[in-house]
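Input: a single structure, listed below in structure tokens.
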Amino acid sequence: MSVDTSTPARPASRVQIIKRNIIAYVFLAPALIIFATFSWYPIINGLLISFQRVNLIDPPEWIGLRNFQTLFADPNFAIAWQNAAYFTLLGLLLGFLVPIILAVLISEMKHGKSYFRLAFYAPVIIPPMASLILWKMGLYNTDWGLLNGALKLIGAAPIRWLDSTQSAMP
């Protein structure tokens, strides 16, 4: 029986890990910058504004915790929290629990399963389809669409909005 006398591999240092993954970091950087701009900046800015008196006419004045003291002293604050908790709970129950229960019940049905699936799914799919038809037929139609009707009023030739590669893609 042979014994392995080689030394175990040393873990890579941080510098080696960064060098090895530099391309991934370069590709990740724009997404992180956009994420920080649209999520972290508003959060930090809102936190800073909460410690200021802002009236949109005068420059902001730093007042420390006075806004929070006023907020917690207001009797409507507790009512607002109760209302928010009530509507959150109601939204969670009606938005998640009830649909899951209905989905399980429908999947266990022996007869009428297709009808109930259609009855629950039709209200989800009909509005986007109606919108698509209105936009395609009512707005962009070459013969009687709203845009070509406006062009005819000013004496211009109608444009084939969705049939031409020149106008469909900018």
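Derivation of every value follows stated rules applied to the coordinates shown; laboratory data play no part. This structure is a prediction, so every number in the text was calculated from the model and none was measured. Neighbour counts run over all protein chains shown; Cβ positions are idealised from the backbone, glycine included.
So the values come out like this:
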| quantity | calculated |
| --- | --- |
| Whole-number percent relative contact order across the chain, with pairs defined as alpha carbons under 8 Å at least 6 apart | 6 |
| Nitroxide proxy distance, nm - points 7 Å out along Cα→Cβ at residue 111 and residue 38 | 5.1 |
| Span per principal axis, largest first, for the Cα atoms of the stretch 74-170 (Å) | 62, 56, 22 |
| Spacing of the two label points (7 Å from each Cα toward its C-beta) at residue 80 and residue 53, in nm | 1.9 |
